[in-house]
Amino acid sequence: MKALEVYKLLPKTNCKECGFPTCLAFAMKLAAGGAGPERCPYLDEETKALLGGATRPPVRAATVGVGARSFTVGEEIVMFRHEKTFYHRPGIMVCADDTSPLEEVRRNAEEVRDLVVHRVGQDLTLDGIALRCESGDPDRFAAASMVVGECGDLPRLLITADPGAHAAALKVCGQFLPLIHAATAENHEEMAGLAKRYGCPLVVRAETPEELADLAARCTAAGVRAILLDPAPRTVGDFVARASHLREHAVKRASPDLGYPLYLDTTTLGTDAALAAGILRYAGVIAVPPLPRPSLLAALTLRQNIYTDPQKPIQVTPGIYPVNNPGRDAPVLLSVNFSLTYFTLLGYLEAGKIPCYLFVVDTAGLSVLTAVAGGKLDEDLVKKSIESTGLAGTVDHRTLIIPGYAAPLSGRIEDATGWNVRVGPRDAAEIAEFLEKGE
Ligand code: SF4
């Protein structure tokens, strides 16, 4: 719904009680999906429902867990990232099963909780433990759930088709709002009852969109607030086809009962390929078996890349960064604040053990080549950055090493700043050799 269409349904008194200065301002926010109709106290229930349905994101949100480690999925509005962006990265939850010794379940949960990968200035982590009931014993399932709970507020996914086992586990961990898998044609009434009682998100599982929509409608009518769809794929190709179909339906708002985030269990699908497919093709929650570290690193890196807003490259703060304890005679290397450039260069400098200063200027997160081509990196920016950072007071010399791709700017930077300019290599991998030779 467009802002003017929304505006027509508002009271138009500009009373400001919604927190916006005018009804029109509120209408614009509502139409953009940045606020909900409940903020205006003067709308009747019918109008609220109409506005809520027309202005909410086509894929509804679902939150798993509580506390700092909880995560939200859904709220997506496009098929392809380049159309705008993807908002909520998929949660990757590592499976453990309740037939394993409880000590092993605890160890797995602690490993998942503690894994942190630092990449381009961000901490990449896993999202939770998926506990599968293989024992068929509700008490055993509950005991394993309790053990996971002792590892802090790590989000949980409980997997079994047996409502009795879920009931036992939820008694001990329902307050942590685990994701419940799965409601099917056979058990949905009991599953929906449990999800409603504990306020948990619920996965519904069926092979066709019609069955999924029917189950989702039944569970929402039963009072379940957050739903995910499991299209029960048999192969990776199956998942990609079904997930694409479901996302298309959701984005076009062709079927409101399919407007939910998706669920994927990679266990039987060939894990690495399935995990990559899930990240690329719309999974909101992905259950994976324990993975070797290279697979995990690849998945976390892929997810980070896909779920970065293409309009906002990851950036570091502009400024002067000392590397390897430089003195006042250490070389100064000009770089840009695109995180990937910064951390790549930093890695090579640290490995080369060469004391120097990284002098990072603000190109709004653009790489050197793009910033030079787009006019974001020029002599004025370098001059202003030298002045604002106090670079001249940091070192005793007046020589700036600029990236090879910025070579066309060398003369202009010298004229504008009065600093000598040396042109460094284009490839960061050659920087240590360049500095050692003192070319
Ligand atoms: S609370 Fe309602 S009536 Fe008041 S300004 Fe906001 S939208 Fe308009």
Could you check, for segment 107-115, whether at least one of its residues is over 15 Å from the mean Cα position of the chain (by Cα), under 27 Å from Ala167 (Cβ atoms) and in contact (Cβ under 8 Å) with a residue 60 or more places away in the chain? yes
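When only residues in segment 18-56 that are hydroxyl-bearing (Ser, Thr, Tyr) and in a loop (DSSP other than H, G, I, E, B) count, which is nearest to Leu157 (Cα to Cα)? Give the steps one after another, and end with the answer.
Of all residues in segment 18-56, those hydroxyl-bearing (Ser, Thr, Tyr) come to 22, 42, 47, 55.
Now restrict to residues that are in a loop (DSSP other than H, G, I, E, B): 22, 42.
Details: Thr22: 43, Tyr42: 40 Å.
Across segment 18-56, the extreme among qualifying residues is Tyr42.
Return the residues of segment 255-293 that are more than 21 Å from Ala217 (Cβ to Cβ) and assigned to a strand (DSSP E or B); say none if nothing qualifies. Walk me through how you get there before you give the answer.
So in segment 255-293, the residues more than 21 Å from Ala217 (Cβ to Cβ) come out as 264-281, 283, 286-293.
Listed by number, the residues that qualify are Leu264, Asp265, Ala283, Ile286, Ala287, Val288.
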Residues being out of contact with any Leu (no Cβ under 7 Å at 6 or more places or on another chain), closer than 25 Å to Glu210 by Cβ and β-branched (Val, Ile, Thr): count how many of those fall in segment 244-295. 2
Can you name the residue in segment 15-34 that is exposed (fewer than 15 other Cβ atoms within 10 Å of the Cβ) and more than 26 Å from Glu76 (Cα to Cα) and is also farthest from the ligand (Cβ to nearest atom) among such residues? Pro21
Using the structure shown, decide if Arg303 is more than 19 Å from Tyr405 (Cα to Cα) and either surrounded by fewer than 19 Cβ atoms within 10 Å (Cβ to Cβ) or touching a strand residue (DSSP E or B) at 6+ places or on another chain (Cβ under 6 Å) (or both). no
Somewhere in segment 257-277, is a residue surrounded by fewer than 21 Cβ atoms within 10 Å (Cβ to Cβ), at negative phi and at pLDDT 95 or above? yes
So, Leu9, is that one within 14 Å of the ligand (Cβ to nearest atom) and in contact (Cβ under 8 Å) with a residue 40 or more places away in the chain or not? yes
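Kindly state which helices (runs of 4 or more DSSP H) lie completely within segment 325-439 and contain at least 3 residues that are of a type in the set (Asp, Glu) and surrounded by fewer than 20 Cβ atoms within 10 Å (Cβ to Cβ).
Details: elements: 339-352, 368-373, 379-389, 391-394, 410-417, 431-437.
It comes to 379-389.
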How many residues are closer than 30 Å to Val336 by Cα, surrounded by 18 or more Cβ atoms within 10 Å (Cβ to Cβ) and at pLDDT below 95 if we restrict to segment 89-123? 1
Would you say Pro178 is closer than 19 Å to Arg140 by Cα, at pLDDT 95 or above and not aliphatic (A, V, I, L, M)? yes
Result of the Cβ filter at 6 Å on segment 56-68, keeping first residues that are at positive phi and partners that are in a loop (DSSP other than H, G, I, E, B), at least 6 apart or interchain, is Gly65/Pro155; Gly65/Leu177; Gly67/Asp153
Check Pro256, Pro261, Pro233, Pro310 and return the single one that is more than 21 Å from Leu126 (Cα to Cα) and within 15 Å of the chain's Cα centre (by Cα). Pro310
First in segment 364-386 and without any contact (Cβ under 8 Å) to a residue 12 or more places away in the chain, second anywhere and surrounded by 20 or more Cβ atoms within 10 Å (Cβ to Cβ) and not aromatic (Phe, Trp, Tyr), Cβ under 7 Å, 6 or more apart: Gly374/Leu366
In this structure, is Val105 aliphatic (A, V, I, L, M) and in contact with a Ser or Thr (Cβ under 6 Å, 6 or more places away or on another chain)? no
Report, by residue number, each residue of segment 40-62 that is touching a strand residue (DSSP E or B) at 6+ places or on another chain (Cβ under 9 Å) and crowded, with 20+ Cβ neighbours inside 10 Å. Val59, Arg60, Ala62
Can you tell me which residue among Gly67, Gly74 is within 29 Å of Ala241 (Cβ to Cβ) and either modelled with pLDDT of 90 or more or among the aliphatic types (A, V, I, L, M) (or both)? Gly74
Looking only at segment 35-49, decide whether some residue is within 12 Å of the ligand (Cβ to nearest atom), over 24 Å from Val251 (Cα atoms) and polar (S, T, N, Q). no
Every residue in segment 122-148 that is over 17 Å from Lys171 (Cα atoms) and not small (Gly, Ala, Ser), please. Gln122, Asp123, Leu124, Thr125, Leu126, Asp127, Ile129, Glu134
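The values are calculated or read from the model by the stated rules, or taken from the named source; none is laboratory data. Just so we're clear, the structure is a prediction, and the values are computed from it rather than from any experiment. Glycine also receives a Cβ, built like all others from the backbone with ideal geometry; neighbour counts cover every protein chain displayed.
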